[in-house]
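Student: Structure in structure tokens, see below.
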Amino acid sequence: MRNLVLLAGLFLAVPLAAQQPAPTDGPQPKLEAPPTVAPEPEPVKPKPAPAPVAAKPKTTADPGGRVVEEIIARVNNEIITKSEYDKSLASAEEDAKQECENRCTPQQLTTATDERKKSALRDLIDQALLVQRGKDMSISVETDVIKQLDQIRIQNKLPDMDALEKAVTSQGLNWEDFKNNIRSHLITQKVIGQEVGSHINIPESESKKFYEEHKAEFIGPESVALREIVVSTDGKKEADLPDLRKKAETARKRVDDGEDFSEIAKRMSDGTTKEQGGYLGIYKRGELAKPIEDKVFSMKKNGLTDVLETKQGFLILQVLEHYDEGQQSFDKVKEKIMNQLYETRMQPALRDYLKTLREQSYVVIKPAYVEAAGGAGNSEIQEVSATPEQEKAKKGDKGSRKWYFPLKHSKPS
């Protein structure tokens, strides 16, 4: 079975706010099921801070012989420990490998890894601030947590949630920690969407100006942007197939009757693209399985395929846009331009928001780590015994440990 921590990280890296992501250029994988994942907006990557100076020691022992955990930062009433920082560094390396898979040279992979590691502590602090802010805003994501866990269960082909919990604990992980990791990420995305993204508006006049100044960038081959709804048949019994097909046909009919495709995908699709409204990406001729290519390239914008039977399940595709060969009109690339301009503004807006959160919070960082954390204080932090927390972790206490994701951001609907 694939490593569940890795899988959870991959799954959650996709922005979760209700939106239609911008179509992206570049080669796409072949579509047979299609087993592809929707492209996501780039993570916020502010200028990396200098690498942290090695702290000493990592752990010590008090006179009573207990293990002492090194605290390297305090964020209001929460702490960040050296061991959590070390885990974040390891995660940064794994994330870089996933992002660069089959696309980066060894040097590019090294550079990407170094950049992620340099911002690892700052991301831990920012994540803590955003989660605390979400709690202040009374944001609840419990329903979404259940949906995310169920998606991970489906991806791992597990029969029920008990099986997922056993799989998590069999890898030496705490089940409550695993869920808290997902919960914190979801809260973060909602805070960013409501507090930052909702204030970014791109007027159409600005998009038109960008189009006129960059027309050469919108010349290309014939291609289609696709969305999907997938009703999975993996692990299902033969007797279940008629009901599953009926579910797919119902989903298609609802779209055909005028309901929004992305909303139906979020509610009824089993695919990994469901949180992005089923968005798959842009495909040129020759990049899709021939039977699917013949269907979608003969369709116009908003056209729907019939329910297609694949190895993975029942599939419905919608042509979100059909791009002609040559110069694309403004109307066809308007959404892409607006998303591009949105992304450009989101990065500095998010950093300004996080700066404000820090100024309004009590953030203290151990001197050796101040630069790695992006500044914000240098008071000496005393080490405390980690033994009580370790005992809580053994008992499955949901607040005993903290897990964090590198920052991503979402465009609000």
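The values are calculated or read from the model by the stated rules, or taken from the named source; none is laboratory data. Since we're looking at a predicted model, the values are computed, not measured. Cβ sites come from the backbone with ideal geometry, for glycine too, and all protein chains shown count toward neighbours. Note: areas computed on protein heavy atoms with side chains; ligands, DNA, RNA excluded. Shrake-Rupley method; radii C 1.70, N 1.55, O 1.52, S 1.80 Å.
Student: Identify the residue in segment 180-209 that is without any contact (Cβ under 8 Å) to a residue 40 or more places away in the chain and not polar (S, T, N, Q) and, among all such residues, is farthest from T143 (Cα to Cα).
Tutor: Looking at the filtered set, the residue picked out is K209.
Student: Select from segment 91-149 the residues that are at positive phi and at pLDDT 85 or above and list them in ascending order.
Tutor: S138
Student: Of E228, E204, E222, E195, which residue is modelled with pLDDT of 95 or more and touching a Lys or Arg at 6+ places or on another chain (Cβ under 8 Å)?
Tutor: Sole residue among the options that is modelled with pLDDT of 95 or more and touching a Lys or Arg at 6+ places or on another chain (Cβ under 8 Å): E195.
Student: Scan segment 82-101 for residues that are over 20 Å from E70 (Cα atoms) and surrounded by fewer than 20 Cβ atoms within 10 Å (Cβ to Cβ) and jot them down.
Tutor: Answer for segment 82-101, where residues must be over 20 Å from E70 (Cα atoms) and surrounded by fewer than 20 Cβ atoms within 10 Å (Cβ to Cβ): E93, E94, K97, Q98, E99, C100, E101.
Student: Consider only pairs whose beta carbons are under 7 Å apart and that are at least six residues apart or on different chains; among these, list those whose first residue lies in segment 96-119 and is free of Cβ contacts under 8 Å to residues at least 60 places away in the same chain and whose second residue is surrounded by fewer than 19 Cβ atoms within 10 Å (Cβ to Cβ) and of a type in the set (D, E, K, R).
Tutor: Pairs found: L109/K97; A112/E99; T113/E93.
One line per residue, one yes/no per condition, for (1) part of a loop (DSSP other than H, G, I, E, B); (2) among the basic types (K, R); (3) farther than 30 Å from I80 by Cα; (4) more than 25 Å from the chain's Cα centre (by Cα):
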{"position": "N302", "(1), (2), (3), (4)": "yes, no, yes, yes"}
{"position": "I316", "(1), (2), (3), (4)": "no, no, yes, no"}
{"position": "K332", "(1), (2), (3), (4)": "no, yes, yes, yes"}
{"position": "Y342", "(1), (2), (3), (4)": "no, no, yes, no"}
{"position": "P348", "(1), (2), (3), (4)": "no, no, no, no"}
{"position": "Y353", "(1), (2), (3), (4)": "no, no, no, no"}
{"position": "R358", "(1), (2), (3), (4)": "no, yes, no, no"}
{"position": "A373", "(1), (2), (3), (4)": "yes, no, no, no"}
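Student: Please go through segment 193-214 and give me each residue that is open to solvent by less than 80 Å² (accessible area, probe 1.4 Å) and either in a helix (DSSP H, G or I) or β-branched (V, I, T) (or both), ordered by number.
Tutor: The answer is G193, E195, V196, G197, S198, I200, I202, E206, S207, F210, Y211.
Student: Tally up the residues in segment 273-292 that are of a type outside the set (K, R), in contact with a Phe, Trp or Tyr (Cβ under 8 Å, 6 or more places away or on another chain) and open to solvent by 10 Å² or more (accessible area, probe 1.4 Å), please.
Tutor: Residues meeting the conditions: 1.
Yes/no matrix, rows are residues, columns are (1) free of Cβ contacts under 8 Å to residues at least 24 places away in the same chain; (2) exposed (fewer than 13 other Cβ atoms within 10 Å of the Cβ); (3) more than 22 Å from Q155 (Cβ to Cβ):
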residue: T233; (1), (2), (3): no, no, no
residue: A248; (1), (2), (3): no, no, no
residue: G271; (1), (2), (3): no, no, no
residue: K295; (1), (2), (3): yes, no, yes
residue: T305; (1), (2), (3): yes, no, yes
residue: L317; (1), (2), (3): no, no, no
residue: E325; (1), (2), (3): no, yes, yes
